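One structure is given below, encoded as structure tokens.
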Amino acid sequence: MDFTTALFSILAIHLMASISPGPDFVVVSQRTLLQGRKAGILCGVGVCVGLLIHISYSLAGLTTALEYSEFITQAIKVCGGSYLVFLGYKSIKSSFSKQTETGGSEESKNAKKSAFWNGLIVNIFNPKAAIYFVSLFSIIPTTSMKMENLLIIVTSIILVQMAWYLTFIFLVTSPSIRVKFDNKVYLIDRFLGAIMVFMGLYVIF
């Protein structure tokens, strides 16, 4: 398989994986719908930094160690699942305590800053990410690939991921769509919080 074919194959697979519902997409959606465009973008950037970490150790061959270490694998599952449950609980709890949040408040600013870390932590502790990238990079022989070609693939994966997030974020924050759910934002908070709790428990058990 030539490089161009391999590149487009990887990007097509990754685009489908990005669009499919998962912990990363749920947390980005939650931040976007509740705290606006900037928080959603920061959360998406956090996810992309997490992807770079997964890609780095996948290419370094460290996933082999994870495959043979039940303890490490289980620890990642527990940490990742517990964090999702925690985020879901906070989301549900906040939906009952307040239904609106002013963008100029100090609390709102701190929440937007934490969006990056939410995205990063959720992605890093996603136990399926390592397996996914091992499978993804098995399409091409990365050990014999030129460094510049490898950088093109890695950069393209991150750009595809962020392009999908930006498309979604700008779509749902456009005035014509935003006005439809602004008055029901607390219900969205509860719904997405419940999904995160469910996903967290599923990952753990």
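Any read-out appearing in this document is the output of simple, stated calculations on the displayed coordinates, not a laboratory observation. Only a predicted model underlies this, so the values are computations on that prediction, with no experimental measurement involved. Positions of Cβ are generated from backbone atoms using ideal geometry, with glycine treated the same way; all protein chains shown enter the neighbour counts.
Summarising the label geometry, the points placed 7 Å from Cα in the beta-carbon direction at S135 and F86 lie 2.8 nm from one another. A protection proxy built from the mean count of other Cβ atoms within 10 Å ranks the segments 70-82, 152-164, most packed first, as 152-164, 70-82. With K and R counted +1 and D and E -1, the other residues having a Cβ less than 12 Å from that of I169 yield a net charge of +4.
Sorting the segments 37-50, 5-18 by their residues' average number of neighbouring beta-carbon atoms within 10 angstrom, most packed first, yields 37-50, 5-18.
On the basis of the beta-carbon distance and an R0 of 45 Å, S9 and K93 show a calculated FRET efficiency of 0.55. You can think of it this way: the chain between V179 and I204 has 5.3 nm of extra reach, that is 0.36 nm per residue less the Cα-Cα gap. The local environment of V45, defined by Cβ-Cβ distances under 13 Å, has a net charge of +4 under the rule Lys, Arg +1 and Asp, Glu -1. Calculated FRET efficiency, N149 and V49, Cβ-Cβ r, R0 30 Å, to nearest 0.05? Calculated value: 0.85. With a simple spin-label model that places each label point 7 Å from the Cα along the Cα-to-Cβ direction, the separation between F191 and C79 comes to 3.3 nm. A crude spin-label estimate for the pair Y57 and T167, with each label 7 Å from Cα along the Cβ direction, gives 3.0 nm.
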